[in-house]
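Here the structure comes first, spelled out in structure tokens, and everything after it is commentary.
The values are calculated or read from the model by the stated rules, or taken from the named source; none is laboratory data. This is a predicted model, so every value here is computed, not measured. All Cβ positions, glycine included, derive from the backbone under ideal geometry; neighbour counts span all protein chains shown.
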Ligand SMILES: [Zn+2]
């Protein structure tokens, strides 16, 4: 069955951290949302690929995601060759998402920048009739969510109503993220620190207040955005 929105993450937990509130919101609006992880997270300092798969399933359920799948492009050495491009093209043609959400062009983890290029290229090539045997399909838009490095957002989604669902998804990643009531005997990492959890909330509060919302998730569009009702762009709340 086709999807309205496909969120593509490099490592399990990337999309949940960056745009989980938006995915839950779309899902509650009746849109069919999918998550595709490009790797199984085997190079992570904490947790195992098996553990991360179970965590990813619980996180998807928390966000109301209809489809969850994994590719195996190599955590910590993301491969972006012809074979990986073909595999991603097949997924796009299978699910036919109107909108793709993916990583930003530049980020702290080099896999994220590689994934940006791979996703952008696959979205274009998937629309070429003479690329591969399956019927061509090109998503109408591909936008980037924000991970480590900040950028000037093209727009911010008010995720106040779905913030609890996002927190539930983050709680599912017990091996990756700090859990206030859980003491795991594993190496300390930046992402697993209490400060990182606070920074996720801090960033959402910062971008939220720019659009008069309690929590917001920022996105980047390479192209200008179309709107049929300009008033729909006006933030609610106190200006
Ligand atoms: Zn990542």
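Structure data summary
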| item | result |
| --- | --- |
| Scan of region 209-236 for residues that are surrounded by 14 or more Cβ atoms within 10 Å (Cβ to Cβ) and either under 16 Å from residue 102 (Cβ atoms) or in contact with a helix residue (DSSP H, G or I) (Cβ under 7 Å, 6 or more places away or on another chain) (or both), ordered by number | 213, 214, 215, 216, 217, 218, 219, 220 |
| Complete set of residues in region 1-21 that are within 16 Å of the ligand (Cβ to nearest atom) and in a helix (DSSP H, G or I) | 14, 15, 16, 17, 18, 19, 20 |
| Filter result for residue 45 (modelled with pLDDT under 95 and farther than 19 Å from residue 20 by Cβ) | yes |
| Matching residues in region 149-176 - criterion: being at pLDDT 95 or above, in a loop (DSSP other than H, G, I, E, B) and surrounded by 16 or more Cβ atoms within 10 Å (Cβ to Cβ) | 153, 159 |
| Single residue of region 22-43 satisfying the filter (buried (at least 23 other Cβ atoms within 10 Å of the Cβ) and assigned to a loop (DSSP other than H, G, I, E, B)) that is farthest from the chain's Cα centre (by Cα) | 41 |
